[in-house]
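Visitor: Input: one structure, supplied below.
The values are calculated or read from the model by the stated rules, or taken from the named source; none is laboratory data. A quick note: this is a predicted structure, and the numbers were derived from the prediction, not measured. Don't worry about glycine lacking a Cβ; one is built from the backbone with ideal geometry, like all the others, and counts go over all protein chains shown.
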């Protein structure tokens, strides 16, 4: 794929654009005087921008879908004090994108992939329980899992939507857990292992299709089920792995969303599972709010309404 030359944060009034972007949102609408137009939300690692297609709407709309990489030709304009793109040509970029190319279209996780990897392995090295040591040794022998775990986001639209977001989220939950464990009496090794593995199923749920997208397996099974399946694969390589430990780790994975309506077949039923559930929820929501603030501030203080969280958010003034 050719290197990007112009990024969203560089587009101003009258900027001529001919470059590649990711399609975040797409829709065809009826405007004034019954005029059909297409609205697209385009993004790269610096942010996103609204685009409008006013001519050849049906023709161009059939050329691409959401999450596709597209080559866009157009010109910057200002509408209601916001920069938009007046799009004259938009076409899907054929061919699959490799993971390393994603850094042009999604920001890298806040703590950086390298830093998060170092923290991940440092926490793994501190695990003392012999069977859990063997479990992570088995994971280390699976580069097909770890490569995706280190690069994929934790989600597509809600939180940790960044290259390395899945790794950063898992490490963050484990770091918080280590601070909480002394006040709970929970088993540290099991809790940390559960934090690091609770979203491992997302390595099969998500994949690169132009942008990050849900795989067929991901949509059919979901990352909770896929996580249990991956855990089974890893444990099958370990002779004599205790049944109770397998059950607890599986329980942490299947209960980490907390409620059936949120995707958990079981509610958390032990201290270790409760810690993973609440810290997973906390980390996801805090990062989701931070990411919402990056691109959706109405002014210096308040964000636009967040549909998933059903509220606006307040940014404290700098002091």
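Visitor: Given (1) modelled with pLDDT of 95 or more; (2) over 23 Å from residue 111 (Cα atoms); (3) part of a helix (DSSP H, G or I), identify the lone condition not met by residue 238.
Guide: (3)
Visitor: Enumerate the helices (runs of 4 or more DSSP H) found wholly within region 150-232, keeping only those where 1 or more residues are touching a residue at least 60 places away in the same chain (Cβ under 8 Å), crowded, with 19+ Cβ neighbours inside 10 Å and in contact with a helix residue (DSSP H, G or I) (Cβ under 6 Å, 6 or more places away or on another chain).
Guide: Values: elements: 165-180, 188-197, 202-205.
Passing ranges, in order: 165-180, 188-197.
Visitor: So, one more: Hey, among 47, 95, which residue is in contact with a helix residue (DSSP H, G or I) (Cβ under 6 Å, 6 or more places away or on another chain), in contact (Cβ under 8 Å) with a residue 60 or more places away in the chain, farther than 30 Å from residue 135 by Cβ and surrounded by fewer than 19 Cβ atoms within 10 Å (Cβ to Cβ)? Please lay out each step first, then the result.
Guide: Numbers: 95 fails: in contact with a helix residue (DSSP H, G or I) (Cβ under 6 Å, 6 or more places away or on another chain).
Just one listed residue meets the conditions, 47.
Visitor: Still on this structure, I have one more. Give the residue that is farthest from residue 161 (Cα to Cα), with candidates limited to residues of region 59-95 that are part of a strand (DSSP E or B) and within 23 Å of the chain's Cα centre (by Cα). Give the steps one after another, and end with the answer.
Guide: Looking only at region 59-95, we keep the residues that are part of a strand (DSSP E or B), and these are 69-79, 82-92.
Of the ones still in play, those that are also within 23 Å of the chain's Cα centre (by Cα) are 69-70, 92.
Working: 69: 16, 70: 19, 92: 22 Å.
Within region 59-95, the match that is farthest from residue 161 (Cα to Cα) is 92.
Here's the yes/no breakdown for (1) surrounded by 16 or more Cβ atoms within 10 Å (Cβ to Cβ); (2) assigned to a loop (DSSP other than H, G, I, E, B); (3) touching a residue at least 24 places away in the same chain (Cβ under 8 Å):
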site: 273; (1), (2), (3): yes, no, yes
site: 277; (1), (2), (3): yes, no, no
site: 287; (1), (2), (3): yes, no, yes
site: 299; (1), (2), (3): no, yes, no
site: 318; (1), (2), (3): no, yes, no
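Visitor: Considering only residues of region 15-58 that are touching a strand residue (DSSP E or B) at 6+ places or on another chain (Cβ under 6 Å) and assigned to a loop (DSSP other than H, G, I, E, B), which is farthest from residue 86 (Cα to Cα)?
Guide: Residue satisfying both the conditions and the ranking: 31.
Visitor: Something else now. Restrict the check to region 23-34 and report whether at least one residue is touching a helix residue (DSSP H, G or I) at 6+ places or on another chain (Cβ under 8 Å) and assigned by TED's automatic domain parsing to the domain that holds residue 84. Can you show your working first?
Guide: Within region 23-34, the first condition is being touching a helix residue (DSSP H, G or I) at 6+ places or on another chain (Cβ under 8 Å), and the residues that meet it are 26, 28.
Checking the rest, the ones that are also assigned by TED's automatic domain parsing to the domain that holds residue 84 come to 26, 28.
Checked region 23-34: at least one residue is touching a helix residue (DSSP H, G or I) at 6+ places or on another chain (Cβ under 8 Å) and assigned by TED's automatic domain parsing to the domain that holds residue 84.
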